[in-house]
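Reading through the structure tokens given below for one structure.
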Amino acid sequence: TMNHLFRLSAGLLRSGTAGLYRRGPVPEGHVSLVVARLFSSEPENSELGQLIKKDKVVVFIKGTPAQPMCGFSNAVVQILRMHGVDDYASYNVLEDQDLRQGVKNFSNWPTIPQVYFNGEFVGGCDILLQMHQNGDLVEELKKLGIHSALLDANKDEQKK
Amino acid sequence: MLPLFRLARGPLTSLRLLPLRACSHTPMDRPVESSIRAKLSRTLAPTHLEVRNESHLHAVPAGSESHFRVLVVSPSFEGLPLVQRHRLVNEALREELAGSVHALSIQAKTPQQWSSDPSLAKSPPCMGGLKHDPGMRLRSDRE
């Protein structure tokens, strides 16, 4: 059955069908991928390794950006929203206990939320908050080719 | 005159008198908090350390030791990016995090950073996460 699952999941990845993936539009305009049950069969490293590189900004949270289920996860969502980052990948660990443990093992990080920029682990909500407060987040987003909305907000303020 | 007893209402609605405990609880009452303090002290030699049990801010039973906020000020953090500092704290508390500690908020500052900004951050409001959590079993309050 393990081999069958490997072939099945590999086939789905190649064909790009929506079999095991649920892709749904979310009000903010970005897309959330929910990967159900895939992680129970795949070695965590390869699958998650690919996942974190697929998008510039990847977050693992409890709930979804439209409906966070945890104050710390919500903080991550709100910070990204403040910077006008609306095109990012968000994975709901509450939907898949294997993903939840898998990402903790993969990142060697014990808690959720977890934030990745360009495939590199950034930290949890404390770190993202500090980066937001000290200006580092604007800089890091710039390196990703993302123009923070707060830069425009500052410009508007200076015009007044 | 200090009150020696506090009033408690039991399920029978009659008043019961209970001894008033001292405000600072003994380490035996809070084993996880004590362990966190001890381990952080031992591994990071902090010049300033605050450990706060924030479980009461979350959807967990009273008396839980599941959600903590720590502030560690240590020269060990010099030259380290935030993520490395947090990893040091996580490593020190690996056992607790594998056990009952479900959430850990961390502030990791150098002594210089602390002296220029001696403030403890506040946690965002709970959004009832554990109520939506299929992995957790909450003990319902004893009625």
Practice item. Only residues that are part of a helix (DSSP H, G or I) and facing chain A (nearest Cβ under 10 Å): list them for the stretch B:109-129, please. Key: B:GLY129
Exercise for review: Filter the stretch B:62-90 down to residues that are open to solvent by 30 Å² or more (accessible area, probe 1.4 Å) and under 17 Å from the mean Cα position of the chain (by Cα), then give me how many there are.
Suggested key: 2
Exercise for review: Check A:LEU80, A:LEU128 and return the single one that is more than 23 Å from B:ARG94 (Cβ to Cβ), open to solvent by less than 30 Å² (accessible area, probe 1.4 Å) and at pLDDT 95 or above.
Suggested key: A:LEU80
Check your understanding: Does the stretch A:100-112 include one or more residues that are facing another protein chain (nearest Cβ under 9 Å), buried (at least 22 other Cβ atoms within 10 Å of the Cβ), of a type in the set (A, V, I, L, M, F, W, C) and assigned to a loop (DSSP other than H, G, I, E, B)?
Key -> yes
Practice item. State which residue is surrounded by the fewest Cβ atoms within 10 Å (Cβ to Cβ) when the search covers only the stretch A:64-77 and only residues that are touching a strand residue (DSSP E or B) at 6+ places or on another chain (Cβ under 6 Å) and facing chain B (nearest Cβ under 9 Å). Key: A:MET69
Review point. Can you pull out the residues in the stretch B:27-65 that are of a type in the set (Val, Ile, Thr), more than 22 Å from B:PRO124 (Cα to Cα) and assigned to a loop (DSSP other than H, G, I, E, B)?
Key: B:THR47
Check your understanding: Just a yes or no: is a residue in the stretch B:97-108 within 11 Å of another protein chain (Cβ to nearest Cβ), assigned to a loop (DSSP other than H, G, I, E, B) and open to solvent by 20 Å² or more (accessible area, probe 1.4 Å)?
Key -> yes
Check your understanding: Out of all the residues in the stretch A:138-156, is one or more within 13 Å of chain B (Cβ to nearest Cβ) and touching a residue at least 40 places away in the same chain (Cβ under 8 Å)?
Key -> no
Point to revise | Hits in the stretch A:131-160 (condition: on the phi < 0 side of the Ramachandran plot, at pLDDT 95 or above, assigned to a loop (DSSP other than H, G, I, E, B) and open to solvent by 50 Å² or more (accessible area, probe 1.4 Å)) | key: A:HIS147
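The values are calculated or read from the model by the stated rules, or taken from the named source; none is laboratory data. Keep in mind it's a predicted model, so treat the numbers as computed, not measured. A quick note on method: Cβ atoms are made from the backbone with ideal geometry, for glycine too, and the neighbour counts reach across all protein chains shown. Remember, those area values only see protein heavy atoms, side chains included, never the ligands or the DNA or RNA. Shrake-Rupley method; radii C 1.70, N 1.55, O 1.52, S 1.80 Å.
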